[in-house]
Amino acid sequence: MRFFTLFSLLILSTAMALGGPRNATSNIKGDVNADGDVNIADINAVIDVLLGGRVNPACDVNRDGDVNISDINMLIDLILKGPVAPDAETGMYMGVIGYNQTLTTKDISVLDTTTVGQFNEFVSSLSTQPGRLLYYSVDKAIDALSAAQYPENLQNVAIVTFTKGLDQGSLMMTDKYETETEYAEALSARISDQLVYNRPIKSYTVGLLSDNVKDANKFRYNLYTLASDSTKAMEVSSMAEANTRFQSIADDLVRRNMSEKLTLVFPGVGTGTRIRFTFDEVDESTVDESQVYIEGTFSLKTRSLTNIIYQGMTCTAGDSVAASSVDGMFVSLVFSGIQLDSEERIEKQNIKEWYWVEDLNLWEVSTEFSLSRIPDIESSYSSALVMLLLDCSSVLDNDFVELQNAANAFTERMLNYNTIPGMYTVNGVSFMMVPVEGGTFTMGVDSTAVETGFANDDELPAHEVTLSPYSIGQTEVTQELWLAVMGSNPSGFDGNLKRPVEQVSWDDCQEFIARLNAITGKKFRLPTEAEWEYAARGGNKSMNYPYAGSESLEDVAWYYGNSYAMGPASPDYGTHVVGTKRGNELGIYDMCGNVFEWCSDWYGAYPEEPQTDPVGPETGVRRVTRGGGWFSVDRDSRVTFRNNDAPTSRSYNLGLRLAL
C-alpha cells in the first residue's frame, strides 16, 4: 500500500514543477518548505534534494541524519494523518534582529538559563555596517512572530526597536511600496491588525536622534508610526537613557506576563443574591465607585456564582464559577488567570465582600467574610514573545558597545521574570531571594544572657523592632555571581565557584551592588542589621533557636568545629559550597558560619526604645558584620552575636548576602 501510494505521489510530483527547498523554518513537523502545511510540495522538496544532491536539513523529516526514501514515507503518513505541531513549553520566547544593510537574525527560541548565553553571544557578535533597513526589519519581525509555534497561554507579543536614524534602503528590499511613507503606514497597519494567537502586537520604539539626521520630524514620525500607541514611542538623548527605557519596557511586558489564582471563601446565601468582591480600597460610601471587582449572582442549588462581571481585570474562569469545595456554611470559589488592568498585583488585605440590598438600593458589607479563610494568592507565569530589533548602522560608532550592553541587560531582565519567583539571573548565573514578611520581634538579648556569659554587652538592651516586608538572599553571594558581575574573583578559597565570595570589603560590596543593579534594574542592597537578625531568627516563623534554624550549630553551619579545626591539609578546611547545610525556618542557608556577612549599618550601641525599620547610627567608623564564619566558635555564631570591621577590611572570613 505504501509503495503504491509513494509511486502515485512520485508520478504526481514529476508532473508538478519541482519546488526548490526554502531557507525558512516551521515548527510543524514535516513542513519542509515552511508554508504552514504538510502537502505534496514538501515531498517535492525532498525529491529535489534526493535527485539534485542539494543540502537542506529541513528535508531530514525523521531526523536520522540523512535524506532518503524513509523521509518521503513519513511525509506520506503526515499527509494522511494531518500536520502535527509539537507541544510548546510555557516560557519566554525571544528573537533578535540586528539591522544595517542586511539583517542578522537570532531565530525565535525559548529564553531560559540554558539559552541566555546564546542570546548574549549573538548580540555581542553583531557589528556595524552602513545602511539602516528599519522598515524591512520590522516587516520581517512581524513575519517571524506570526510563523512560529507557541503555547496556548501566550500572553504578550511584542516588538522592541532601537534606532539612531532614518530608514535607508528598505524600499529596495520589496516591490510593494513606492515611498517610505507608504511603507511606514503599511507597517503601522500590520502592527495594529496582526494577531498572534489572538493577541495584539505591542510595538515599542526607542530612538536616539543622530547628529547626522537633519529631518528630526521624519525621525519622530518613524518612532510614532512604528509604535503600537504613542506611549510606546520613546525618544532618548543618550545611550544611558536608552538602557533605562529598555529596562522599563521589560518591566511593562512582564507585568502582563503574570496571572493570579484567587480562592474566595464566603458564607452561602439565597438564590438570586447579588454578591460583589471589591479589590480596591473602598468603604460603604464609595463601594459604588469601585474600579476593581468581581460581581455575580449566587445560586444556592448549584453552589455557584453566575452571570459574573469582571471589572478592572481579565479572568479565565468564565462567567459562571461553581464551588470548588463546601465546608459547612462556607463556599469556596476559585478564580484563575486573573490580571488587573492596572498591571498591579491583588492586595489581599483590600478584599471585601458586599451584598446588594434590593429594598435599600445599596451594597452592604458582609460581616461574616474573613480574610483569614482565604488562602494565599497564587501567582503563575504565562508565555510571552518578544522580538528585539537593534540598529547596527555605522553611525552608532562608540555608542554600539553601550547598545549591546543594554540589549543584553534587557535579555537578562526578561529572563528574570520567566523563572521561579524570587530567582534572578545575571550573565547565566542564577540566585534566589527569599521573601520575608514584615513583623515585630525582640532584637538582642536580655541582661541574664550577658550575666551568665552567654552573650556580650553590645547585644544589650533587648528592644522591640518592627520591620516592613523585604527579601534576602537565600544564600551568601557566591564566587560565580561575583565573577559574573565584576569579571574577577578575589576569593582565597577557590576551586569551586559555588563557595561564598570572600576577601571583599564593605566598599567592594557597594561597587558590586551598583553594577548588579545596573544589570538587573533592581535595587539590591546589603541588609540592615535588624533585617539580618530577623531573617536569621526565622522571621514570623521563628522557633527561637540560638542558631539560624537549629539548637545544634553542627546542623546548620560550617564553623570552627567542622572546618578550621580540621586543619589546612583537610578538604573541609575553609569555606564550603553554599546551601549544603540545613536551612532555617524561612529556607535561608548559612546565616551562621561559612563567612561573616556585611550589613549596611554603622556599628554602634542599641537604642532602648522601640524601632521601626531601623538603619543604625547616622555615622561611625566600623560597619556591622554578622553570622560568624568558618573559624568561629559556637558562642560567636549565634543569631544575636555582633561583630564589626572597618569598611575597607578584607579577609578570608568576610563576605556578603543581598537584600531587596
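Just so you know, all these numbers are worked out from the coordinates, no wet-lab data involved. Here the structure is a predicted model, which is why all the values come from computation and not from measurement. Ideal geometry is used to build each Cβ from the backbone, glycine not excepted, and the neighbour counts take in all protein chains shown.
Quick one: Cα convex hull volume of segment 344-478, Å³ per residue?
Numbers: hull volume 38.3 nm³, N = 135.
Cα convex hull per residue, to the nearest whole number: 283 Å³.
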- [ ] In whole Å, largest first, what are the principal axis extents of the Cα atoms in the chain?
- [x] 100, 78, 65
Open item on the list: Could you work out [θ]222 nm for the chain from helices alone, using -39500 (n - 2.57) per DSSP H run of at least four and dividing by all its residues? Round to the nearest 500 deg cm²/dmol.
Closed with: -7500 deg cm²/dmol
Task: Over segment 261-379, equivalent-ellipsoid semi-axes from the Cα gyration tensor in Å - done: 19, 18, 14
Task: ³J(HN,Hα) computed for each position of segment 348-361 - Karplus, 6.51 cos²θ - 1.76 cosθ + 1.60, integer Hz, glycine/proline x - done: 4, 5, 8, 6, 9, 10, 10, 10, 8, 9, 4, 5, 9, 6
Task: Extension gain (nm, one decimal) between Thr648 and Ser372, 0.36 nm per residue minus Cα-Cα - done: 94.5 nm
Open item on the list: Using C-alpha positions alone, give me the convex hull volume of segment 95-195 per residue in cubic angstrom.
Closed with: 112
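Listing Leu208, Leu223 from the residue with the fewest other Cβ atoms within 10 Å to the one with the most, what is the order?
Leu223, Leu208
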Task: J(HN,Hα) series, segment 320-337, from Karplus relation 6.51 cos²θ - 1.76 cosθ + 1.60, nearest Hz, glycine and proline x - done: 8, 10, 8, 4, 7, 7, 10, 10, x, 7, 9, 10, 10, 10, 10, 10, 9, x
- [ ] Return the long-range amide H neighbours of Trp558 (sequence gap of 5 or more, or a different chain), with a cut-off of under 5 Å between placed amide H atoms.
- [x] Asn594
TODO: Could you run the Karplus curve 6.51 cos²θ - 1.76 cosθ + 1.60 with θ = phi - 60° over segment 90-104 and give me ³J(HN,Hα) per residue in whole Hz, x for Gly and Pro?
DONE: 4, x, 9, 10, 8, x, 9, 10, x, 10, 8, 7, 9, 10, 10
- [ ] Would you mind getting me the FRET efficiency between Thr113 and Asp359? Use the beta-carbon distance for r and R0 = 56 Å, nearest 0.05.
- [x] 0.40
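Taking 8 Å as the Cα distance limit and 6 or more residues as the minimum spacing, I'd like the relative contact order of the chain as a percentage.
Normalised by residue count, the contact order of the chain is 11 percent.
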Task: Virtual spin-label span in nm between Asp613 and Ile309, 7 Å along Cα→Cβ - done: 3.8
Task: Amide H contacts under 5 Å for Met92, placed H, 5+ residues apart - done: Leu111, Ala384
Task: Label zone at Met329, where the point sits 7 Å out along the Cα-to-Cβ direction: segment 271-299 residues whose backbone N lies under 20 Å - done: 271-277, 298-299
- [ ] Within 10 Å of each residue's Cβ, count the other Cβ atoms and sort Glu402, Glu368 from fewest upward.
- [x] Glu368, Glu402
TODO: Give the long-range amide H neighbours of Leu154: residues separated by 5 or more places, or on another chain, with amide H under 5 Å away, using H modelled in the peptide plane at 1.01 Å from N.
DONE: Ser383
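Gain in length, Lys498 to Ser146, computed as 0.36 nm per residue apart minus the alpha-carbon separation, to one decimal in nm?
122.6 nm
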Task: Spatial extent of segment 422-520: Rg and Dmax, with the Cα atoms as the point set, Å - done: 17.9, 50
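Å³ per residue of the Cα convex hull, for segment 483-553? The partial results should precede the final answer.
Details: hull volume 9.8 nm³, N = 71.
Convex hull volume per residue, Cα atoms: 138 Å³.
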- [ ] Order by neighbour count: Cys59, Cys315, fewest other Cβ atoms within 10 Å first, most last.
- [x] Cys315, Cys59
- [ ] Write down Rg/Rh for segment 350-408, rounded to two decimals, with Rg from the C-alpha atoms and Rh from the Kirkwood relation over Cα pairs.
- [x] 1.50
Open item on the list: I'd like the projected area of segment 423-655, averaged over all directions, using the convex hull of its alpha carbons. Report it in nm² with one decimal.
Closed with: 11.9
Task: Förster radius 60 Å - calculated FRET efficiency between Arg622 and Lys176, Cβ distance, rounded to 0.05 - done: 0.30
Open item on the list: I want to check the label-to-label distance for Ser320 and Asp211. Put each point 7 Å from Cα in the C-beta direction and report it in nm to one decimal.
Closed with: 7.0
